Every structure is written in C-alpha cells, then in structure tokens.
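Trainee: Here you go, one structure.
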Amino acid sequence: MPVTIHPTAIVSEKAALGEDVFVGPFCMVGPDVTLGDRVHLHAHVVIEGRTSLGADSEVFPFAVLGHPPQHTRFAGEPSTLEIGHHCTIREHVTMHPGTAIDAMKTRVGNHGMFLVAAHVAHDCVVGDHVIFANNASLGGHAKIGDHVMMGGFATVQQWCRVGDHAMVASQSAVDSDVIPFGIAVGNRACLTGINVIGLGRRGFSEDSITTLRNLYRTLFRGKGVFSDRLAAARAEFAGSDEAAAMFAFLDQAGRNGVCQATSRNGA
C-alpha cells in the first residue's frame, strides 16, 4: 500500500517510511527517522533525531519523539531512540534518545500503551506490554520490565528498576528498585504486596500466585535482617520459576537499593 502524507505535513526526503504509513496534518518527520509498516501519525506529531518506530504503531496529536534529551551533559552525540511495534502513544507523550554517559540508546519495547503526557527519559529501557497512565514519567537510565503498569502521575527516579509484572500506583514516587510481581505505593513508594489481580489476568496459576505471596511474606514481612531472609527464601523456594526471577532481580540491585515493605519512618 502507498504512503499517505497530508499536504501540510513536513517529511524529510531522507526519512525511511514503510508500507501503508499515514502522516497526518502538520506532522514533522526528520531525516534520520524510520517508520515501520502501517504506522499512523495523527495531526501535529513531531518525530526527530535518530528515532525508529515499529510497525502498526499509532501516535496521537502533539506527541514529541526523539528530540534532544533533557540533560545538561548532552552534547549532540548521535544517540538513538528505538520504539517497538504495536505501540499506542497518546497526546503530549515525550520520549528522548540516549546519551554518551550511558548506552547511547533509549529503548521502548513492543505493545506499549503510553497515555496522555507520559514521559520516557534518556537512556531508559522499557519492556513489552507496559501501560503508562496519564503523566507517568521515568527519570534517566530507568529500567522497566515487561507487563509493568504505571499509574497516573507515578514517577520513577533515575537509575531505578521496576521488575516484570509489577504495578506502581497512581501518584507514587519510586526512588528504589521495585521487585517483579510487586505493588509499590506512596511517596516515597513502599511495597504493599503482590500484584495478584494483574497476575491472574495474565494467566498465572493459583499455585504460582500463592508461591509468590508466600515468598513476599518471607522476604519482606519476616523477622531478622534482609540478607538472612533472602538466604532462607532461596532454600525454601528453590525450583520455582517465579522465585528464581525474583532472586535474579534482587541479585542485580544497584545504587538505589530495593523498595521495602515499610516506609522510612517505620509507618
């Protein structure tokens, strides 16, 4: 199918456009942009920089993808923004490319849904099947797993991670790593349990969910120091794929530590 470009759109002749791409009124597409097959850009979309957008993705008015990152040390280096296929990017969403202080790349996975005014900062890695509700935002270098749900106005601090199948509640501020399968709530965010409803919707068995709930209690509600609880959990839950994923995530904890089940003041 041919490419359709509205007469008011400005599309560089050097941009790479796949089959059946639609570029709506007043859109701007830069020379280093790649649009996959059947990408649909509604009116007033701006895509610049070394940005690629995968097939069957849809971008709504006033989204801005690939403009320079909001970082004082960015010096125009040829970094990239890669967005997967079947993504829905709603109004006023912003996504920025990487920087030289990290991997030079921001990567967003497939089947993502980014609602109004969501933001993905420089050098972030975002998994598949994520949902970012209105105004959810990531600081630079954040890593977000598959099937993560970010509530409205939820924020993740620079360099933090959110594990697969986790949920960050609305208006929560995350400043440490959120475990896979968990729910994080509050400012600053703390764990409140396992994302039981989300896991059920994704087909996890009752046995798997029960295992995760018991693992959570051992790790985050048990007595003693965390290192001892972790050692006990490794022995108790050996053989569980879900537990193995949890342990792998904990083993890679970085500079921000791991979100705990109580707030800093002990409440």
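The values are calculated or read from the model by the stated rules, or taken from the named source; none is laboratory data. Please read all numbers here as calculations on a predicted model, not as lab measurements. Using ideal geometry, Cβ is built from the backbone for each residue, glycine included, and neighbour counts are taken over all protein chains shown.
Trainee: I need a count of the residues in region 150-190 that are out of contact with any Ser or Thr (no Cβ under 7 Å at 6 or more places or on another chain) and small (G, A, S).
Mentor: Selection size over region 150-190: 7.
Trainee: Of these, T99, T94, which one is closer than 12 Å to G140 by Cα and at pLDDT 95 or above?
Mentor: T99
Trainee: Go through (1) without any contact (Cβ under 8 Å) to a residue 40 or more places away in the chain; (2) more than 18 Å from F132 (Cα to Cα) and name the single condition Q171 misses.
Mentor: It fails just one condition, (2).
Trainee: For region 108-121, which positions are surrounded by 19 or more Cβ atoms within 10 Å (Cβ to Cβ) and touching an Asp or Glu at 6+ places or on another chain (Cβ under 8 Å)?
Mentor: V108, G109, H111, G112, A117
Trainee: Does R217 fit the bill of being surrounded by fewer than 16 Cβ atoms within 10 Å (Cβ to Cβ) and within 22 Å of L138 (Cα to Cα)?
Mentor: no
Trainee: Would you check if T94 is touching a Pro at 6+ places or on another chain (Cβ under 9 Å) and buried (at least 18 other Cβ atoms within 10 Å of the Cβ)?
Mentor: When the stated conditions are applied, T94 does not pass them.
Trainee: Return the only residue of N195, N135 being touching a strand residue (DSSP E or B) at 6+ places or on another chain (Cβ under 9 Å), assigned by TED's automatic domain parsing to the domain that holds S57, under 26 Å from I83 (Cβ atoms) and modelled with pLDDT of 95 or more.
Mentor: Residue meeting the stated conditions: N135.
Trainee: Write out, first by first residue and then by second, each pair whose Cβ atoms fall under 9 Å of each other, whose residues are 6+ apart or on separate chains, and whose first residue, in region 238-249, is assigned by TED's automatic domain parsing to the domain that holds S208 and at pLDDT 95 or above while the second is assigned to a helix (DSSP H, G or I) and among the acidic types (D, E).
Mentor: From region 238-249, the pairs are A243/E236.
Trainee: Here is a further query. Does region 151-200 hold any residues that are outside any loop (DSSP other than H, G, I, E, B) and among the acidic types (D, E), and which are they?
Mentor: Residue satisfying the conditions is D177 alone.
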